[in-house]
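The values are calculated or read from the model by the stated rules, or taken from the named source; none is laboratory data. This is a predicted model, so every value here is computed, not measured. Here the Cβ positions follow ideal geometry from the backbone for every residue, glycine too, while neighbour counts run over all protein chains shown.
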């Protein structure tokens, strides 16, 4: 080996690897093959909190999807949750809260300042925001609604005016509607300009008449494939309407029967007031399945908030 080669080898031995080579893939570390949160990852979060390493704690929590953060909070004690809450992304806080177990959600809602909670809920679709607002006590509900913008507050209050477990409570008031005479190009331009005013997730454009009654729907995929000058009246397909007072189980049945991805919700006068999307129906099915399981186990509605241990202990005398 020459002197130059030896010097180069010695230099390489003393040079640290690039940061990218040693940085762990937090997303891979966080979840197991079953998409459940790894206990080791929870330990990493606790270790970061115990050591006072705020930046590490922020990094670990920030690497998770909102649903996984909600799971993480369930594994942490109240003391650790208090350390994590201020580090959560304000834009994701609303979604994280909406994903939480009801008992845990109550604690987080009490610990979150009203103004911060209002800003977080403004990032959600009205149906999800209304669900969270409905869990607040009267005083905090008033404070949060008062801190919200006028448009968001009015939309949530309207949603809360409908009966529980109806299409009115299930629907989101953000949707995309357009008149028959608009063209595909005009509609696409409108979508781009509307931006945050549109729902986070939507699949169809609802075509409405001058009285705002839906007369058809156009899948977004069809709209994007159409020539710009094509009128919506020439593209629209028949639409299945959901009545705002309809029970959520009946709504789920209609979605299943007609293989719907989304559907417009109309008031008693037939006017478009909202939409329901398939993700809302998945939640309904999950809730109904849980209710059926609890019923089979002999657990009453009053016992639904009990822990598994409480339920098992209550059933032991006859098991």
Look through 40, 59, 24 and report the one residue that is more than 24 Å from residue 103 (Cα to Cα), at pLDDT 75 or above and more than 24 Å from the chain's Cα centre (by Cα).
40
Matching residues in region 127-156 (touching a residue at least 12 places away in the same chain (Cβ under 8 Å), in a helix (DSSP H, G or I), surrounded by 14 or more Cβ atoms within 10 Å (Cβ to Cβ) and under 20 Å from the mean Cα position of the chain (by Cα)) number 12
Test each condition in (1) at pLDDT 75 or above; (2) part of a loop (DSSP other than H, G, I, E, B) for residue 105 and report the one that comes out false.
(2)
Using beta carbons and a limit of 6 Å, which pairs, at least six apart or on different chains, have the first residue in region 202-214 and at negative phi and in contact (Cβ under 8 Å) with a residue 40 or more places away in the chain and the second one in a loop (DSSP other than H, G, I, E, B) and surrounded by fewer than 24 Cβ atoms within 10 Å (Cβ to Cβ)?
202/176; 203/261; 213/270; 213/271; 214/239
Determine which single condition residue 98 fails, assuming it passes every other condition in (1) modelled with pLDDT of 85 or more; (2) under 16 Å from the mean Cα position of the chain (by Cα).
(1)
Tell me, yes or no, whether region 157-178 has at least one residue that is part of a helix (DSSP H, G or I), without any contact (Cβ under 8 Å) to a residue 60 or more places away in the chain, in contact with a strand residue (DSSP E or B) (Cβ under 9 Å, 6 or more places away or on another chain) and farther than 15 Å from residue 280 by Cβ.
yes
Only strands (runs of 3 or more DSSP E) wholly contained in region 194-277 count here; list those with 3 or more residues that are more than 24 Å from residue 288 (Cβ to Cβ).
204-208, 214-219
